[in-house]
Amino acid sequence: MNISNDSTFAPYDDYDNYPGYEPCSFSNNNSLNVVVGPYIHSIICILGLVGNSLVILTYALYKRTKSMTDVYLLNVAIADLLFVLALPFIVYNELYSWPMGQVACKLLRGSYSVNLYSGMLMLACISTDRYIAIVQARRSFRLRSVSNSLIICFLIWIFALLVSVPTFHFHHWYEPSHNNITWFNSNEQEETTDPQFVCEWKFDDSNTASIVKVAVPSTQLAIGFFLPLFIMIFCYTSVIITLQKAKNFQRHKAVRVVMVVVLVFIVCHLPYNLALFYKTVNLFKQSDCDEEDSLRTAMSVLQMVAYLHCCLNPLLYAFIGVNFRNHFRRIFRDLWCLGKRYIDPRRFSRVTSDTFMSTIRRSVDSSSENGTSFTM
């Protein structure tokens, strides 16, 4: 008979206390993570790295952050970029032994949690800003200032850090007891495997383990998904109602953009969070290895879908705007010109290069967009 070992919440128990028991193999989930997982996660990392880096580069060199939405978009891109940078290490830790020690373990898991909460709450702030700008237009000039958005972003990052304290505290670098397996070869000589250290949850007693096992996913569900979802639904529903009253083509186009933003958010995050909710509710119920393996496999697939959202954020929130697309084109034009300069410096003088770059900087906000990167 097998006993389930949850990789998300590693038990405090020692398997030596259960004679005749051994950990479940979770063959289907392991096969998915080993065969398909690296390719999907590589695609997510590459797309997320390119898209969010372009957003940050655009704000750093080409476009001033002159509205609340701009500030929120920049912070969303930073959170998503930090997430995709940490993702390869998280995947490696789930497949292999963790070689980087205790400090790196805590920083990796903790930063993942911080970026999750901050990114989702920033998306809620974007929807709130759009609500104020369109539905509460008369009061928008008083409320929508860059200084206010900077304060809000700072508070969100601090709040995300505080709710991630349990993740920092309870993640440890250790060798699970069920990895201490002794093998015997044909000559009956004792042979032990090399130590396999993991970076996972570890608790000192059952009461702490039970509380954290419920509190952490519950907080993730409440603050990291349902709160932003409800805010987005309320704000964007009000926005759509307001825009429907306008007899303008651009306004109706903006309605379609809003619907796409909400639908993509729901499609990416709702299935995984429902699975996480089901797992949390049934956390202390007994289940056999096949059932647990099926749940883990489903959650692995849905988690990959949720990760895709960090790649789609630049497209949905930044590159939809005409002005932002123009800056995006300038980036490639500058890279092309700089490449020509280094390939054939005689045909691309320094004076020409400096003149070109100064022209680009003077035309930072030359288009007719009214201070927001979100098409509305």
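The values are calculated or read from the model by the stated rules, or taken from the named source; none is laboratory data. Fair warning: this is a prediction, and the values are worked out from it, not measured in the lab. As a convention, Cβ positions derive from the backbone with ideal geometry for all residues, glycine included, and neighbour counts pool all protein chains shown.
Observations on the structure shown:
- Matching entry among 246, 209 (being of a type in the set (Gly, Ala, Ser), over 28 Å from residue 57 (Cα atoms) and at pLDDT below 80): 246
- Enumeration of residues in the stretch 85-98 that are in contact with a Phe, Trp or Tyr (Cβ under 8 Å, 6 or more places away or on another chain) and under 15 Å from residue 172 (Cβ atoms): 97, 98
- Residues within the stretch 139-162 that are outside any helix (DSSP H, G or I) and of a type outside the set (S, T, N, Q), tallied: 1
- Residue 114 vs. criteria touching a residue at least 60 places away in the same chain (Cβ under 8 Å) and over 22 Å from residue 176 (Cβ atoms): no
- Members of the stretch 214-243 that are within 14 Å of residue 258 (Cβ to Cβ) and modelled with pLDDT of 90 or more: 231, 232, 233, 234, 235, 236, 237, 238
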